[in-house]
Amino acid sequence: MPESENLLKTEKLKNFSYKFLIFASFFLYVILYASRNLYVAEKTTLQALGNFGSYTDLAATMEYYFYAYAIMQVGICFFMTRVNVKWLVTITISVSSVLTILVAFTSNVAQQWWLFIAMGVCQACVWGSLLKNLGKYLPEKMLASANVTMASGPAVGFVLSYVIAAVFGDDWTTPFILLGVILMITVIIYFYSVSLAGKFPRHVEIHHVIREDGTEEEIVGEDNDFIHLNNKKRVVGFYLFSALIGLLFAGLYTALSNNLDLFLKQVGGFNNTVSKYITILVPVMVIVGPFLMVKVCDRFRDFIKVSFVGALICLMFLLPLLFFFNTSVWLSLALFLAFLIVLNGIRSVTLSIASLKLRDRLDTGLYSTVVNVPSSLFTGVGPKLFTIVVDNPALSITQNWTNAFLFGTIWCAVTIALLIGCIFLVKLLHKIDNKNKKAVSL
């Protein structure tokens, strides 16, 4: 076979391996998310059975899951840069698939608490590991595609969990068995995809960039360091800030999206099945958020400012929802949808966009894991806090939901204030850098 044909065949196989890695990572994360979120989708069915406790008891299951998830991620941070993440994912998610199946055989909420705590421990490594391998192998031209795909994973998983719950109706056990089996299959597919991509390591280019002040700087990989992460203090500071913003976005998004079906039942008056189907339709459109955010971040590389504008838009949708949610359930749904689309987009910045765009400045797996620790914690705490406010028997349904939306509005306002502070801090650091470079050149 001529050498040109061999090169062409190798190039095709390499491109296939990259695309297959994106697909396998997405497929694994979607099924994992769906198997976890299935418990949220089934909470109205479980509560109606009477032997699994109140909505608050059921909400505690995911709270404990995320406690275990967050605590385990703290431990993972110490060895993420050294571990073989392909084998780590294979072992932990295989165990997780068995735990998912076992949920179907529980008879009380306490048993479910323990199973989900174990799942939290097993699943803590997944997100950082998936992004680490994507950042390690993918060429620059495929990063946008990977960002859009992975950022839409939670929404697709959310939809899948509610679709399966709705299809099986009052049978809540079969869905856990089904998703547990599928999860085991996705692990096998992912293992093969990483092995294949490992045959074609990414070539990292080194080039020189002329900065605004006329100085020349050597850049490893893509020039996307708008913060100038040129020392350990700034790297640590960026980690901490990303973690803080990530937890606020994740907590707010999960608190509202996880209780949309409850809103439809209590305020809209829909039954379990109808509320589940309506809840399914919303995340289908929410997938648009990450897609738009990736496009915006490709054009405006300062994703802190992009997040700030997105948070402002979210607040614009929350305020009318606070005052008019009881006027029309359809108006409320429209406001809910607009809010979740934008919020899902800006939370994808910390979930995947930042880590992949800064992959040559930071360890993608470590950064993603550090950011996910507090995000995971508040993903569990946020919905429970929201549920406690909504499920207050001392107040009317209208007052409960008014308090809940007020809670969300304040949460959003605090996030905006933090983003404003960070924007001013970045400007200050740029001035200091430019001043130091000019002093050195003189």
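I need the semi-axes of the equivalent ellipsoid of region 264-319: take the C-alpha gyration tensor, multiply each eigenvalue by 5, square-root it, list largest first in whole angstrom.
Working: eigenvalues 201, 43, 5 Å².
So the equivalent ellipsoid measures 32, 15, 5 Å along its semi-axes.
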Cα-based helix-to-principal-axis angle, 55-76 vs the chain, degrees rounded to 10: 20 degrees
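Any of Lys136/Lys199; Lys86/Lys233; Lys86/Lys199; Lys9/Lys86 with alpha carbons more than 24 Å apart? Name them for me. Write out the running numbers ahead of the final one.
Numbers: Lys136/Lys199 12 Å; Lys86/Lys233 31 Å; Lys86/Lys199 14 Å; Lys9/Lys86 26 Å.
Beyond 24 Å: Lys86/Lys233; Lys9/Lys86.
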Spacing of the two label points (7 Å from each Cα toward its C-beta) at Val274 and Ile189, in nm: 3.6 nm
Between 0 and 90°, nearest 10: helix 329-348 axis offset from the chain longest Cα axis: 30 degrees
Positive-end extreme of charge dipole, region 1-146 - chosen from Phe23, Trp114, Gly50 (charges on Cβ): Phe23
Volume of the Cα convex hull of region 1-127, divided per residue and given in Å³: 121 Å³
Check: region 1-83 dipole with +1 on Lys, Arg Cβ and -1 on Asp, Glu Cβ, in debye: 180 debye
Local electrostatic count, Thr254, Cβ distance below 12 Å [Lys/Arg +1, Asp/Glu -1]: +2
Cβ charges +1 (Lys, Arg) and -1 (Asp, Glu), total dipole of the chain, debye: 640 debye
Sparsely packed trypsin sites (Lys or Arg not before Pro) within region 1-109, loop by DSSP, other Cβ within 10 Å at most 16: Arg82
Residue with peak Gaussian network fluctuation, the chain [Cα springs, cutoff 10 Å], from Arg234, Arg361, Arg301: Arg234
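Which order do Glu11, Glu63 take when ranked by solvent-accessible area (1.4 Å probe, heavy atoms of all protein chains), largest first?
So, going from the largest accessible area down, we get Glu11, Glu63.
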Choice from Val389, Val159, Val349 showing the highest fluctuation, given a GNM over the chain with Cα pairs closer than 10 Å: Val389
Among Trp401, Trp87, Trp127, residue whose mean-square fluctuation peaks in a GNM of the chain (springs only between Cα atoms under 10 Å): Trp87
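Compute the normalised compactness of region 352-406: alpha-carbon radius of gyration over 2.2 N^0.38 Å, N being the residue count.
Values: Rg = 17.8 Å, N = 55, 2.2 N^0.38 = 10.1 Å.
My calculation over the Cα atoms of region 352-406 gives 1.77.
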Mean shadow area of the chain over all directions, Cα convex hull, nm²: 22.9 nm²
Size of region 292-356 as Cα extents on the principal axes (Å, biggest first): 42, 16, 15
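The values are calculated or read from the model by the stated rules, or taken from the named source; none is laboratory data. The structure displayed is predicted, hence computed values, not measured ones. Neighbour counts run over all protein chains shown; Cβ positions are idealised from the backbone, glycine included. Only protein heavy atoms, including side chains, enter the accessible area calculation; ligands, DNA and RNA are left aside. Shrake-Rupley method; radii C 1.70, N 1.55, O 1.52, S 1.80 Å.
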